[in-house]
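*Asks:* Before we start, here is the structure in question, set down as C-alpha cells.
The values are calculated or read from the model by the stated rules, or taken from the named source; none is laboratory data. Treat the numbers as computed from the prediction; the structure is a model and nothing was measured. Here the Cβ positions follow ideal geometry from the backbone for every residue, glycine too, while neighbour counts run over all protein chains shown.
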Amino acid sequence: MGKTKQGRLINKASFIEGCLFLLAAVLLIWHALHQHASLKGVDWALSPYLFPLLVSLCLLILSVFFILEGFQPSEARMKPPLRWPLVLITLICALAYFFLMQVAGFVLATACFLLAMLLFLGERRALVLLLLPMLFSSALYFLFARLLHVLLPTSPMDFLRQALDLLFF
C-alpha cells in the first residue's frame, strides 16, 4: 500500500507555485489585452503590449507544468545537485554577452554568445557550431527588428546584421 494513487496531490509546493504563476499569467494576459484595447487603432505589431502578452502566455504554459509536477511521485522529481562553477561560468558568459552587445551589436554578440555556450556545454560538431548560432541570432533579429520593429543594439562591427539587411531589405 506504499504506492501513490494516480491523480493524488503529492508535491504541494510545486502545485502552489504553479497556481500562483497561473494567477500571475492570467492577470498579466488580462492587463496586456486591456491596455492594448485602450490604444485605439494600434496594430498588434506596433503595440507595446505584444511582448508582455507573449511572455505571459509562456508563463501560463510553464505554470501548467508546475501544477502537473505536484502530482508526480518524488522519485520522478529528483534533481542533480547544483554545480556552482558551471553556474558562475554561465553568469560570466552572460555578462560578457551584455558588454559585447554594446560593441558588436545584437546579431554578432548573440552568435558569439551561443557559440561560446555550445562549446562550454560540450558540443563539438562543426556544422552545429557554425549554423546554429548564426541561424538563431538571424531569426531573432528578423523576428524582433523586422517583424516587431523592436530596436536592438547595433554597431558598425555587426557585419551579420548588415548582411541580413542586404539580403532581406
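*Asks:* With the requirement that a residue be closer than 24 Å to PHE99 by Cβ, more than 17 Å from the chain's Cα centre (by Cα) and in a loop (DSSP other than H, G, I, E, B), what does the range 133-163 give you?
*Replies:* Those that are closer than 24 Å to PHE99 by Cβ, more than 17 Å from the chain's Cα centre (by Cα) and in a loop (DSSP other than H, G, I, E, B): LEU151, PRO153, THR154, SER155, PRO156, MET157, ASP158.
*Asks:* Among the numbered criteria (1) surrounded by 13 or more Cβ atoms within 10 Å (Cβ to Cβ); (2) closer than 30 Å to PHE159 by Cα, which single criterion is violated by ALA126?
*Replies:* Unmet for ALA126, out of (1) surrounded by 13 or more Cβ atoms within 10 Å (Cβ to Cβ); (2) closer than 30 Å to PHE159 by Cα: (1).
*Asks:* Going by the conditions given, is LEU130 part of a helix (DSSP H, G or I), out of contact with any strand residue (DSSP E or B) (no Cβ under 8 Å at 6 or more places or on another chain) and touching a residue at least 24 places away in the same chain (Cβ under 8 Å)?
*Replies:* no
*Asks:* Looking only at the range 95-123, how many residues end up being within 24 Å of GLN162 (Cα to Cα) and surrounded by fewer than 16 Cβ atoms within 10 Å (Cβ to Cβ)?
*Replies:* The total comes to 5.
*Asks:* Exactly one condition in (1) under 19 Å from the mean Cα position of the chain (by Cα); (2) closer than 30 Å to VAL26 by Cβ is not met by CYS112; state its number.
*Replies:* Evaluating CYS112 over (1) under 19 Å from the mean Cα position of the chain (by Cα); (2) closer than 30 Å to VAL26 by Cβ leaves (2) as the failure.
*Asks:* What's the total number of residues in the range 38-66 that are assigned to a helix (DSSP H, G or I) and more than 19 Å from the chain's Cα centre (by Cα)?
*Replies:* 4
*Asks:* Keeping to the range 34-56, report how many residues are surrounded by 14 or more Cβ atoms within 10 Å (Cβ to Cβ) and touching a residue at least 12 places away in the same chain (Cβ under 8 Å).
*Replies:* So the count comes out to 8.
*Asks:* Quick one: LEU60 ticks every box in (1) surrounded by 16 or more Cβ atoms within 10 Å (Cβ to Cβ); (2) at pLDDT below 90; (3) not assigned by TED's automatic domain parsing to the domain that holds LEU151 except a single one, so which number is it?
*Replies:* All conditions pass for LEU60, except number (2).
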